[in-house]
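K.L.:
Submitted below is the structure of interest, expressed as structure tokens.
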Amino acid sequence: MNKKATPIKDPIVKVDHFDTVTVLEMNSPPHNLVGPALMAGILDGAKLALDRGARCILLKSGLRNFSAGADLTLFDRPSKEQNSQPGESGPTAVEFLKGMEDIPIPVVVSIHGVCLGGGLEIALTADYIIAARSARIGSVEATLGLNPLMGGVQRQVERVGLVRAKEMSMLARRYDPTTLESWNLINLVVDDEQLDDTAMSIAQELGNGPTVAHGVTKTLARIAADEGITIADEKMPELQKPIWKSADLKTGLASFLKRGPGLARFEGQ
């Protein structure tokens, strides 16, 4: 597998390119605490991935934990002072969420260790979440007198329903990944030693897929979740026009007619 490392301005997130997949590795000791700098680093890494022509992004942690939550020291600073601190300027929570969900290629998140509070909210912006069996995941903001501040409540409602979302945000428990997989909050649980290989395999499978079609799928799914199925149906024909013009569709149809399903090699165009 060809690997090319690319440094980025903000070393809080490391960027590595593996063929069609760009890996973003959070490295903000001690526990990838979430703040403007980390959010900016992730979005900068995603931009580098798109500029390079990556067809999937894999977001993971290079530390013991995925993320232990928000950097609580930021809560003690007035907004103006916080924005003036060197290295701490960056997107607002809403800007970050929009930036992540506007990424036109699949995003996979790989979780190990603890993934709490803001860390879980980062993960919930992804298209696919895979977790190590020993991970512990939860919205723990209620223990501080808060609720999830970065869209966690509404994204939990979207994935697990009203009742479970209120449970997660109000009881502030740490859940095992198998429970959350059964609730549909995450996609897959694997043994710890299989996490890296499985996450990369899934990212490569998505990255080798029909990239144009995947982008349209992401858009339609978002519209259906935000505006309803009827609106998604109305917008679908226009959104699908790029698929009909794509080289990948021609490749897929030709491969199907010649060799049957599942053997096409897409170029992402």
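The values are calculated or read from the model by the stated rules, or taken from the named source; none is laboratory data. Keep in mind that this is a model prediction, so the values were computed, not measured. Cβ placement follows ideal geometry from the backbone for every residue including glycine, while neighbour counts extend to all protein chains displayed. The area values use the complete protein model at the heavy-atom level, side chains included, leaving out ligands, DNA and RNA. Shrake-Rupley method; radii C 1.70, N 1.55, O 1.52, S 1.80 Å.
K.L.:
The conditions are (1) surrounded by 15 or more Cβ atoms within 10 Å (Cβ to Cβ); (2) in contact with a helix residue (DSSP H, G or I) (Cβ under 9 Å, 6 or more places away or on another chain), and MET170 fails exactly one of them. Which is it?
P.N.:
For MET170, the failing item is (1).
K.L.:
So, of the residues in the stretch 37-68 that are in a loop (DSSP other than H, G, I, E, B) and within 22 Å of ASP196 (Cα to Cα), which turns out to be most open to solvent (accessible area, probe 1.4 Å)?
P.N.:
From the stretch 37-68, those in a loop (DSSP other than H, G, I, E, B) are 53-55, 62-66, 68; that's our starting set.
Next, from what is left, pick out any that are within 22 Å of ASP196 (Cα to Cα): 54-55, 62-66, 68.
Numbers: ALA54: 7, ARG55: 23, GLY62: 39, LEU63: 38, ARG64: 195, ASN65: 20, PHE66: 1, ALA68: 38 Å².
Filtering first and then ranking leaves ARG64.
K.L.:
Checking ASP127 against (1) under 25 Å from LYS218 (Cα atoms); (2) crowded, with 23+ Cβ neighbours inside 10 Å, which single condition isn't satisfied?
P.N.:
Failing condition for ASP127: (2).
K.L.:
Something else: May I ask you to list pairs of residues, at least six apart or on different chains, whose Cβ atoms are under 9 Å apart, with the first in the stretch 202-229 being touching a residue at least 40 places away in the same chain (Cβ under 8 Å) and closer than 24 Å to ARG265 by Cα and the second being part of a helix (DSSP H, G or I) and polar (S, T, N, Q)?
P.N.:
Here the result reads PRO210/THR251, each pair linking the stretch 202-229 to a residue that is part of a helix (DSSP H, G or I) and polar (S, T, N, Q).
K.L.:
What number of residues within the stretch 143-165 satisfy the criterion of being farther than 24 Å from ARG64 by Cα and either open to solvent by less than 70 Å² (accessible area, probe 1.4 Å) or without any contact (Cβ under 8 Å) to a residue 12 or more places away in the chain (or both)?
P.N.:
Number satisfying all stated conditions: 14.
K.L.:
While we're on this one: Can LEU188 be described as crowded, with 21+ Cβ neighbours inside 10 Å and touching a residue at least 24 places away in the same chain (Cβ under 8 Å)? Break it down into steps so the answer makes sense when it comes.
P.N.:
Numbers: crowded, with 21+ Cβ neighbours inside 10 Å: no; touching a residue at least 24 places away in the same chain (Cβ under 8 Å): yes.
In short, no.
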